[in-house]
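Asker: Dropping a structure here in structure tokens format, bear with me for questions.
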């Protein structure tokens, strides 16, 4: 069973790769949207689930990556080789600036400072002509690189799938690395890690910048897929939604972030479809809120916790204890 769990993400990626050509345009677009949101959720999982930093401003990096892509492409279009590093680099640079200041605070103060920086970025694009104001801006030509043309539906699908696989693989490696062990120790007991001689601030800042860069990757993919961006991408409710995704899926698990993105998107689609829920579709925000409250109340460990409930043995070994996590971080020093 443990081996199956280990290979499950790879099997899912292979299944998606095989099913890609068989999907209708609507389903292909929906799956691509879910995969982009999964990358966005994974980037926040690095902060919240792996480091214990709850941010309400993560959408700023997502939106900044999308805007950098569209602005960098201009009227003639641009190369993926140029626009992808531009999007991720812009988001990482802003994350470095925000993190350098906000990580000097803790708890609710950290949450409010990240929210304030995100709102600053939102109003820069909303109230100025830099990004077309409140209407946003359109992309004239989607990015391309040789035979890779993001204007092609299949290219989009497989490029997003490859980006999701790389993001998941990268974070899986981070979790198993000395850096990941240090982050786990910081999440469990920051004071103990500092007393052990770890540069806690540097580790947290590095995690913040990596998370920002990965959110910028999701923003690049969104801009290349939709061909349009607007300031709402940076709004606080997008930060709240991605936080709900990782809570819904299960904090502390990479698979939980992906499952949460899938569940949240499907819930949103189903509850806003009039053919399925009738007149309630006009009030989908209300029904979505009730559904999420029910999920959180019934599944405090998230959807991924269902497997642990069904398998008592799996529940005992699902996650390390606080002492083990801190001890592992010290040993890796």
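Each value in this text was obtained by applying a stated rule to the coordinates, not by laboratory testing. Predicted, not measured: the structure shown is a model, and the values here were computed from it. For neighbour counting, all protein chains shown are included, and Cβ atoms are generated from backbone atoms with ideal geometry for every residue, glycine included.
Asker: With a 10 Å Cβ neighbour count serving as the proxy for reagent exposure, in which order, fewest first, do 296, 98, 258 appear? Let's see the in-between values first.
Answerer: Numbers: 296 13, 98 24, 258 27.
Ascending Cβ contact count within 10 Å gives the list 296, 98, 258.
Asker: 222 nm [θ] for the chain, helices only, -39500 (n - 2.57) per DSSP H run of 4+, per residue, to 500?
Answerer: -24000 deg cm²/dmol
Asker: Another question, if that's okay. Along the three principal axes, how long is segment 95-248 when you take its alpha carbons, biggest first, rounded to the nearest angstrom?
Answerer: The Cα atoms of segment 95-248 stretch 54, 36, 28 Å along their principal axes.
Asker: Using a Förster radius of 30 Å, what is the FRET efficiency between residue 296 and residue 276 based on their Cβ-Cβ separation? Nearest 0.05, please.
Answerer: Efficiency for this residue pair is about 0.85.
Asker: What list do you get for 269, 76, 241, 45 if you sort them by fewest beta carbons within 10 Å?
Answerer: Details: 269 14, 76 7, 241 19, 45 29.
Placing the least packed residue first, the sequence is 76, 269, 241, 45.
Asker: Report the Stokes-Einstein translational diffusion coefficient (µm² s⁻¹, integer) for segment 197-317, Rh taken as the Kirkwood radius over Cα pairs, at 20 °C with viscosity 1.002 mPa s.
Answerer: Answer, rounded: 128 µm²/s.
Asker: Continuing with the same structure: Test of understanding: express the Cα radius of gyration of segment 1-153 as a ratio to 2.2 N^0.38 Å, with N the residue count.
Answerer: Cα-based Rg divided by the globular estimate yields 1.23.
Asker: Please express the Cα-Cα pair-distance distribution P(r) of the chain as a list of whole percents, one per 20 Å bin, running from 0 to the bin with the greatest distance.
Answerer: 30, 60, 10
Asker: If each residue's Cβ is checked for other Cβ atoms within 10 Å, how do 225, 194 rank with the fewest at the top?
Answerer: Final ranking by Cβ density, sparse to dense: 194, 225.
Asker: Mind giving me the nanometre distance, one decimal, between the label points for residue 96 and residue 27, set 7 Å out from Cα along Cα→Cβ?
Answerer: Going by the 7 Å Cα→Cβ label model, 4.4 nm.
Asker: For segment 111-200, with equal point scatterers placed on the C-alpha atoms only and solvent neglected, what are the log10 I(q)/I(0) values from the Debye formula at q = 0.21 1/Å, to two decimals?
Answerer: The calculated log intensity ratios at q = 0.21 Å⁻¹ are -0.98.
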